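For reference, the structure discussed in these notes is given below.
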RNA sequence: GCACUCGUAGCUCAAUUGGAUAGAGCGUCUGACUACGGAUCAGAAGGUUAGGGGUUCGACUCCCUUCGAGUGCACCA
């Protein structure tokens, strides 16, 4: 629609002798209840025209109609100039742009972006909150790719630390040599089980010490288990062969489990980072910062940065004994990433409880004068809540990722069997379909909500398959495919129709929004933008489908071909959109 | 206490980034040629956009304030 904007700029220049830029023209889709397809808001121009908004609209409208030959008319309602564009234009748009294979795919823009997501702890299995993280990260990566970025998906695995040692210790003490093979438990679940065991035994010891007269705080510090775990961590850091060996074994179990979960989820990574390898990074940068005067040293030798001028606090970046803290390591890892990839942007998909941390991290890197610091972005997302409140792993109120995915597939199976449309499917085809639909429902449910908003999940009532859902969109796609198959239709024939019905035009308009939607989703780092778009599109198609015959005998051949083209392009755009969300669409369901 | 985020129909979410009469789904009620696939479509009911001020041609959107919810405020990660 750039030509409309350009015409508007020209109109203001010639009519009112004022230079404005394209950004000053507020262009939007015309509301359904008015005639026309695009609307210019004319209020901002009245100060140039020195006339009322209606008259200004009339003048600009007349100018544009005269200037642009595909504009066939206009109307003005208050400060809104509604522009009517010819059907010939829209038909051309459908056949020349929308139907082309690279519609919605932008040429490489020469920029590189890293998206870090997932970043699990290796002491417990993934839960619903991790699913949201993974789906967001994967989808944002796909959206950026579609916008022409060269994307690197990274996973920073938290594979060390006291929490890992807790699982290890509990397994050592209470595990009796249990392995995934011996118990049939998925590796990450097995390790998670011992994390819970640790917590239970630890609490017991705390109670014992309390009855022996210690305060809560003392008991927490003095419980033998926690002391042992700390000793284990020290041994790990010292490279103790036995501890390292145990650590490697248990982590390998977890990774096997994660791989399986990731595969089910359909996410993947180009680059893994492990905190066991990065946790010592960053110290040299702290030195660098000390020299530059960005940091300062306190009497005890600890190193700090003063961010009070930026509305934040003072922050420790290195302990008095010279060891790192969390943020030290993140400073170092950020540098490592940059040295390795030279990315223009780096996205961190991390929950909103770390908003402050990333604010501080980015500010530190800016103050250190890192040229790439401006390209850092924290994609912060809200917690997933249950009706009972927050998920807590130790209280057993978490919704386990593997369980949930299995339940979704089961629901898909039940629903599909009830409808009885897959009688001729092979067992393998059926299973694949249940997976596609179950995951479609789950993924859509999580991605349709704006990332930063918290999300409510009720395990009691299963995720819907009707209405504003993934299966609804998948169904629309399958139905189109069915009709195309029946007609033996292939894209490629030229248009022979010259006029559009309202519903046909609305559908082309909706399809035409796709590239802009992809842009906006990337600008906002928001898969929800795509999710809501594709739902609107599916609804628009369904309405068209319901009211306009396509293959019926009474439909003239050229109209039939045209409606088939509309259907085929709708299926393609639906499929492409869903792919950006990491959701597959079936041919039949 | 301080900081950040959020608050839209009974419930779950939208609203073209400051634009027209705030839109969908679920749920409730009513319909759709004797199905080009009914996991669909049409219609009805449902709102003081948490409350109150302000900014302007125009505010769900920006500012102030009150209330409510969440998160953070470790020499843990």
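Descriptive notes on the structure:
- Out of A:482, A:462, sole residue that is in the same structural domain as residue A:539 (by TED's automatic domain parsing) and near RNA strand B (Cβ under 8 Å from one of its atoms): A:482
- Qualifying residue in the range A:516-527 (condition: within 13 Å of RNA strand B (Cβ to nearest atom), under 19 Å from residue A:439 (Cα atoms) and modelled with pLDDT of 95 or more): yes
- Residue satisfying condition, being assigned to a helix (DSSP H, G or I), without any contact (Cβ under 8 Å) to a residue 40 or more places away in the chain and within 25 Å of the chain's Cα centre (by Cα), within set A:534, A:529: A:529
- Residue count for the range A:147-185 under the criterion of being over 20 Å from residue A:342 (Cα atoms) and under 30 Å from the mean Cα position of the chain (by Cα): the result is 7.
Here's the yes/no breakdown for (1) within 33 Å of the chain's Cα centre (by Cα); (2) in the same structural domain as residue A:437 (by TED's automatic domain parsing); (3) modelled with pLDDT under 95; (4) on the phi < 0 side of the Ramachandran plot:
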{"position": "A:265", "(1), (2), (3), (4)": "yes, no, no, yes"}
{"position": "A:274", "(1), (2), (3), (4)": "yes, no, no, yes"}
{"position": "A:293", "(1), (2), (3), (4)": "no, no, yes, no"}
{"position": "A:323", "(1), (2), (3), (4)": "no, no, yes, yes"}
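- Being surrounded by 24 or more Cβ atoms within 10 Å (Cβ to Cβ), within 14 Å of RNA strand B (Cβ to nearest atom), at pLDDT 95 or above and part of a helix (DSSP H, G or I) holds for only one residue in A:143, A:83, and it is A:143.
- Scanning the range A:485-503 finds one or more residues that are within 11 Å of RNA strand B (Cβ to nearest atom), closer than 30 Å to residue A:423 by Cβ, assigned to a helix (DSSP H, G or I) and in contact with a helix residue (DSSP H, G or I) (Cβ under 8 Å, 6 or more places away or on another chain).
- Top-ranked residue of the range A:383-432 - restricted to ones that are touching a strand residue (DSSP E or B) at 6+ places or on another chain (Cβ under 8 Å) and away from RNA strand B (no atom under 13 Å from the Cβ), ranked as modelled with the lowest pLDDT: A:393
- Listed by first and then second residue, the pairs linking a residue in the range A:21-33 that is not assigned by TED's automatic domain parsing to the domain that holds residue A:502 to a residue that is within 6 Å of RNA strand B (Cβ to nearest atom), with Cβ atoms under 6 Å apart and 6 or more places separating them unless they lie on different chains, are A:26/A:41; A:28/A:39; A:30/A:39; A:30/A:82.
- Qualifying position, being assigned to a helix (DSSP H, G or I), buried (at least 16 other Cβ atoms within 10 Å of the Cβ) and more than 11 Å from RNA strand B (Cβ to nearest atom), among A:435, A:477: A:435
- In this entry, residue A:94 is excluded by the filter for residues that are closer than 25 Å to residue A:508 by Cβ, near RNA strand B (Cβ under 10 Å from one of its atoms) and either in contact with a helix residue (DSSP H, G or I) (Cβ under 6 Å, 6 or more places away or on another chain) or not assigned by TED's automatic domain parsing to the domain that holds residue A:492 (or both).
- For the range A:59-75, the set of residues classified as assigned to a strand (DSSP E or B) and buried (at least 20 other Cβ atoms within 10 Å of the Cβ) consists of A:71, A:74, listed by residue number.
The values are calculated or read from the model by the stated rules, or taken from the named source; none is laboratory data. Owing to the predicted nature of the structure, the values given are computational and were not obtained by experimental measurement. Because the Cβ atoms are built from the backbone with ideal geometry, glycine has one as well, and the counts that use them run over all protein chains shown.
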